Every structure is written in C-alpha cells, then in structure tokens.
Amino acid sequence: MASAIKDFSRLCVHTQTTRPWDLKSCVENYSRAGIPGITIWRNVLENQNLKEAKKLLDDHGMTVVSLCRGGFFPSADPGKREEAIRDNLRAIEQAAAIGAPLIVLVCGADGRQSLERSREQIAEGITRILPAARDAGIRLAIEPLHPMYAGDRSAVNTMKQANDLAGLINSEWVGVAVDVYHVWWDDTLKTEIERCGREKHLFAFHICDWNVPTTDFLNDRGLMGEGCINIPEIRSWVEEAGFRGFHEVEIFSTRFWATDQKEYLKKIKQAYLKKS
Ligand code: ZN
C-alpha cells in the first residue's frame, strides 16, 4: 500500500512535458508553481549559453534531476555508431555544465539488425562513454522502452533487460530509469524493481499515464489518473526498493501542448497529489 503524497518536495517536471515553453519559461513557471525539480531535454539547450542556463537554474533554486537524453547507440552503419558516441560525449559535457547529475539513455535500435545485435552495440556504446561520465561525475540511467518502440527507439524493452544490461556493465555509474508508461504491463515488474533496488542501480522514476484507447503511440500520454496505470502501486514498489529521488512527470501530449501551459501545470500538481 502506497503512502499518500503530501507535498511537492519530490516533484520534478520534464521540460518536454511543457514543450511550448523554452528553458527560461520552464524554469520561471516551475519555480513560481513551487516545483523544485527539473529534467532538461537537450532541445531547450540548443543555441543556449550553458553558463547562463546554469545561472538561471541556480537563481531560481531549481534542482536539475537529469538531462534527457543520450543513447541511440545501435546502427548497422559503423559511422553512425561513432557519431552516437560523439553525441553522447557532448551530452556528458552539457550535463556537467548545467549541473545535471544523471543522463537518461534511450538506448536505440536499428530495424536492419536483430535486437540481440542492437543490445550488444548498446552495451559497447555505454562502455565507451563510461570513463567520460565517471570523470565528469555523471551517472547514466538505462530506460527500458515499451516494446512498441523495439524497431527504432530501443532494443531494451523490459526491466529485466535493463537490469541485465546494468549488471553486465557492472559500474556504480550505470543504472536504470523506471518509467511507468513503458513497463506498467509487465507481470515481472515488481520483482524486477526489487532486484533493481537490491543491485543498487535504481536511479530514476518517471510518471504519466496510459490512455485507453491510446490514439498516438508517441504523443498521447495521459496525465496521472487519466489512464490505466496503477501509479501509486508502482511508486510503492520503487520506494520499497529504496528509491528516495524525485518523481518526474514526463508527459508527451499533443492534446495538453495545445492548452494554456500554466493551467496545465496546475493540473499536473493536482494529479500528482491525488493520483500518483
Ligand atoms: Zn521516461
């Protein structure tokens, strides 16, 4: 049984959740709304002076929870794999510059090769960037993605695969991000979350809801409580596994992006208290 959420002290919002806003608008509005945590998507850092971005975050007392996203390691084309390594090294520099202690990895997949081959390349890719991450003091979180993305976005589709991969790499700098949207359906979820905690690599917890029916498999994620995911139950498993970090609201929604983002932020806070 999950304990109720009493306040906003562990609430984090992903900049992509309020996609119409630039970094400055996200920071100012989250801060004004009493939301202490922010996960920054790299698109809002484009053409930004990172020192100024860091100052903006510091001036508003925001805690940067993570940078989204690195990954996309596999490709049948070796040149593309090298490009991915360079891009991930850039992400590590960006994370260090803005004070993000964690990078979320959307690991990638290439439909021209087997999932096993893609997973091997993911392990190789993470191993390649690990020294730079460790030197910068940045942790890496493997986020398993729903199997509907196995053809192009991630060959890591279950908590078991993510735990296995983290175990294979076996570094205190590499762990797993649990996103309820991707893993809620898995009948081994509770035991794999327990294992993740036991192996001390449960690094992040993302929340939103699965709309029924879902009209778009990328940009129709629901607000907590709108869909069929038992978020409080999954949160209780994550907390029992020892996780004490932020609850990160990550919602891609064409429907909500079309609305007033300040009103939407109020809805997020209400849903967080009552339905998470
Ligand atoms: Zn996520």
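The values are calculated or read from the model by the stated rules, or taken from the named source; none is laboratory data. What you are looking at is a predicted structure, and each value in this text was computed from that prediction instead of being measured. Positions of Cβ are backbone-derived with ideal geometry, glycine not excepted, and every protein chain shown enters the neighbour counts.
Tabulated data for the structure shown
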quantity	calculated
Pairs with Cβ under 8 Å, 6+ apart, first in segment 251-274 and among the acidic types (Asp, Glu), second at pLDDT below 95	none
Segment 208-218, residues that are aromatic (Phe, Trp, Tyr) and assigned to a loop (DSSP other than H, G, I, E, B)	Phe217
Considering residues of segment 1-21 that are surrounded by 15 or more Cβ atoms within 10 Å (Cβ to Cβ) and over 18 Å from Lys267 (Cβ atoms) only, the residue nearest to the ligand (Cβ to nearest atom)	Arg10
Criterion: over 21 Å from Val65 (Cβ atoms) and β-branched (Val, Ile, Thr) - qualifying residue of Ile122, Ile138, Ile129	Ile122
Hey, Arg119 exposed (fewer than 13 other Cβ atoms within 10 Å of the Cβ) and either among the charged types (D, E, K, R) or under 17 Å from Gln161 (Cβ atoms) (or both) or not	no
Within segment 65-94, considering residues that are among the hydrophobic types (A, V, I, L, M, F, W, C) and either more than 22 Å from Glu248 (Cα to Cα) or more than 16 Å from the ligand (Cβ to nearest atom) (or both), the one surrounded by the most Cβ atoms within 10 Å (Cβ to Cβ)	Phe73
Output for segment 251-264, where each listed residue is out of contact with any helix residue (DSSP H, G or I) (no Cβ under 6 Å at 6 or more places or on another chain) and either closer than 20 Å to Arg10 by Cα or surrounded by fewer than 17 Cβ atoms within 10 Å (Cβ to Cβ) (or both)	Thr254, Arg255, Ala258, Thr259, Asp260, Lys262, Glu263
Qualifying residue in segment 147-159 (condition: crowded, with 24+ Cβ neighbours inside 10 Å, small (Gly, Ala, Ser), at pLDDT 95 or above and out of contact with any Cys (no Cβ under 9 Å at 6 or more places or on another chain))	no
Asn47 being modelled with pLDDT under 95 and away from the ligand (no atom under 16 Å from the Cβ)	yes
Hits in segment 34-43 (condition: surrounded by 16 or more Cβ atoms within 10 Å (Cβ to Cβ) and away from the ligand (no atom under 16 Å from the Cβ))	Ile35, Pro36
Residue satisfying condition, being over 19 Å from Val104 (Cα atoms) and at pLDDT below 95, within set Ser31, Ser3	Ser3
Residue count, segment 208-220 (criterion: within 14 Å of the ligand (Cβ to nearest atom) and of a type in the set (A, V, I, L, M))	1
Pairs where the first residue, in segment 59-78, is at positive phi and among the small types (Gly, Ala, Ser) and the second is crowded, with 24+ Cβ neighbours inside 10 Å and in a loop (DSSP other than H, G, I, E, B), C-beta under 7 Å, 6+ apart	Gly71/Cys107
